[in-house]
Amino acid sequence: MSALPLILDMDFGIDDSMAALYLARSGRTEIVAVGSVHGNTSSAQAARNARQVLAELGLGAVPIARGGAEPLNQPVSYASEVHGDDGIGGMASASEPPGALVDYSAAEQIVRLARDRPGELTLLATGPLTNVALALALEPALGSLLRSVVIMGGAIGVPGNMEAHAEANIRHDPEAADQVFAALENITLVPLDFTMQCRITQREIERISSAPHRAGVDLVRGMLPRYLEFNRRDLGVVGFPLHDPAAAVLAIDGGFAECLEAPVVVELTGTATRGMTCVDRRPVASAVSRPTVRIATRPLRSVVDEFVRIAFEEDRRA
């Protein structure tokens, strides 16, 4: 089976790092490039984290581009209460990570690669969609150049995790998200409805803790105490849901999910609902003139076991 070529667009926090670990160790992907974006931390810090994590995974030669530092139409904010000031649970290296950033933006990187390899690349976006919207502004035909786009974001029929009705990645840049859903025809959306069904429990924590010491594994494992403490203290649960890692699993194998197809609109003006992902599920022709989105609703196989086994217990790289 040939490797799946991926562009990663990430706000490189703890769960982004877990997703990168899984993708690198799966033996089924070619990570072509990485772009950073604001969200869990600043875009600059996210780019630094990407350099550190990829170097640990033996992927130090992968091009990394700094992306959007702020949303299109609102002040920037970060999720430091979840991911720590450095975005990776206090595991940022004291010394400068190896490698250097490319001299063009993450949006430009997406467009360049899509034009160079039309129809080949999957874009996995696990942060706010600022870079993807900026790439669309540079290349309106972006959707026809990408093989597919997998997005972690949104809350359809469950509560939000940033506000009552808004999931964090969408709420951090609602305008960007709405532009992306309006323009691209090949999106798989992995919302909280799906990821909250993919929970790391005490059993998996024990498996992760006892996994062999390997490059990349120890770095990501060292990030988890911060994540576990946030979920215990603020949410009252032992363990955590797999947000970005679940999207990574589906990027490789969509057969892990049952999906529905419907247009998605992001609410931009509601006082209590800005950033809400609105899905038109009526069994009639939609009045919304935009593409349908493939929305993951229910796991068909264990995403949790797949993630823990590949990311921490097995390394399938040749």
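Structure values in brief
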quantity	calculated
The stretch 4-313 - share of DSSP beta bridges that are antiparallel (%, nearest 5)	30
Spatial separation of Cα centroids for the stretch 99-147 and the stretch 40-73, in angstrom	15
Relative contact order for the chain, counting Cα pairs under 8 Å that sit 6 or more residues apart, in percent	21
Using alpha carbons only: equivalent-ellipsoid semi-axes of the chain, gyration tensor based, whole Å	27, 22, 20
Overall Cα dimensions of the stretch 98-249 - principal axes, largest extent first, Å	46, 40, 23
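Computed from the coordinates by the stated procedures, all read-outs in this text should not be read as laboratory data. Every value quoted in this text rests on a predicted model; they were computed, and no experiment measured them.
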